[in-house]
Amino acid sequence: AKEAGRNTYVLYAPSMDQSSHERLALENALRKAVEREEWVLHYQPQIDMNTGQIVGVEALIRWKHPVYKLIPPSEFIPLAEETGLIVPIGEWVLKEACLQNKRWQDSGFPKIRIAVNLSTAQFMKKNLYKTVEKVLEETGLEPQYLELEITETMTMDVEKASAILDELSGLGIQISIDDFGTGYSSLNYLKQFSIHRLKIDKSFIRDIISDESNARIVGAIIAMAHHLGLHVIAEGVETREQMSFLKEQKCDEIQGYYYSPPLPAEELKTKYFKSVTV
Ligand code: C2E
Ligand code: CA
Ligand code: CA
Ligand code: CA
């Protein structure tokens, strides 16, 4: 099977192990899903610690599989990244997220940010800012209500990342560093990047109460970020104790099951915006 040419369809290859078959099957299903746009976004609230108000949501993709129902991103994002399918998927996510945010705004709800996860392939694709600019134009969403989440590893080529981030920031959108603290920490460069927010990874939040050193790390990240003029959001906040600690440490925003899991658009609307009279 390995020698099969690029355009050869391998229907039966005894040398392939079971996992290769599974992988191929998943890849084919994923291609169909891209064609049929079998995706749905769930939205998790981000809460301002000072006001207690929802100020943003993170858009998180699920695969609306015709048979297996909702498949979580951990089951298909890695393969989507390997195959490059993440690019069309990511473009669908960006557009849908902006459209949804505009719909909420148009129905009279308070304006909030929507955060969209970017993958490395999207970030590195030439003229990403043009794609983003086009989506903003097409959906009519004002740029300050869109946030893109990137990870530390995407900033390892400092020169290149700087240029991309400058172009994106030039559009007036916001940028956050996701999973902060887990990757290559280019602390020296943080201040020269056009970014707005650090998102402290949930692995640090998980045991801030039980683990004194994690608590100190979180405290230090918040202080450092504020010193650099950046905002801080903590993800994976599950308990009142974690929330109180983060509040004491002057963390700006929190996101996590303590407040709400990710929700379908309709549910988010009825739960958080129902008091608004249009
Ligand atoms: P992430 O960007 O770090 O997203 C946060 C994940 O933590 C989400 O998992 C969310 O449901 C989960 N979470 C939220 N609150 C809590 C909590 O209190 N405790 C714990 N333990 N977990 C919490 P989800 O939705 O399964 O997404 C997993 C990952 O898949 C995301 O991690 C992100 O890396 C990726 N992903 C999701 N949507 C997209 C997308 O549209 N594009 C790309 N490229 N990646 C995506
Ligand atoms: Ca994220
Ligand atoms: Ca994260
Ligand atoms: Ca993550």
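The values are calculated or read from the model by the stated rules, or taken from the named source; none is laboratory data. Note that the structure is a prediction, hence the values are computed from the model and not measured. Glycine also receives a Cβ, built like all others from the backbone with ideal geometry; neighbour counts cover every protein chain displayed. Protein only, heavy atoms only, side chains kept; ligands, DNA and RNA dropped before computing areas. Shrake-Rupley method; radii C 1.70, N 1.55, O 1.52, S 1.80 Å.
What the table below lists for this structure:
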item	result
Partners for K191 among aspartates and glutamates (Cα-Cα distance below 12 Å; same-chain residues under 8 apart left out)	none
Distance between modelled label sites at E241 and Q53, nm, 7 Å Cα→Cβ extension	3.2
Pairs from K160/K199; K64/K247; K64/K160; K69/K269 whose Cα-Cα separation, in the structure shown, is over 29 Å	K64/K247; K64/K160
About the Cα centre, charge dipole magnitude for segment 147-191 (Lys/Arg +1, Asp/Glu -1 at Cβ), debye	160
Area of M124 that stays accessible when all protein chains are in place (1.4 Å probe, Å², to 10)	70
Degrees separating the helix 18-36 axis from the principal Cα axis of the chain, which is the longest one	70
Listed residues I209, I221 arranged by accessible area, highest first, probe 1.4 Å	I209, I221
Cα-based helix-to-principal-axis angle, 128-139 vs the chain, degrees rounded to 10	80
Segment 96-142, accessible area per residue, ligands and nucleic acids excluded (1.4 Å, Å²)	46
Sulfur and carbon atoms: percent of accessible area, the chain [1.4 Å]	51
H231 accessible area, assembled protein chains, probe 1.4 Å, Å²	90
Compactness of segment 13-170 - radius of gyration and Dmax, Cα, Å	17.5, 62
With Cα atoms, 0 to 90° folded angle of helix 86-106 axis to the chain main axis	40
P(r) of the chain over all Cα-Cα pairs, binned every 10 Å from zero, in whole percent	6, 26, 32, 23, 9, 3, 0
Estimated FRET transfer efficiency (Q144, A215; beta-carbon r; R0 35 Å; 0.05)	0.60
Distance between segment 97-111 and segment 146-213 - C-alpha centres, whole angstrom	26
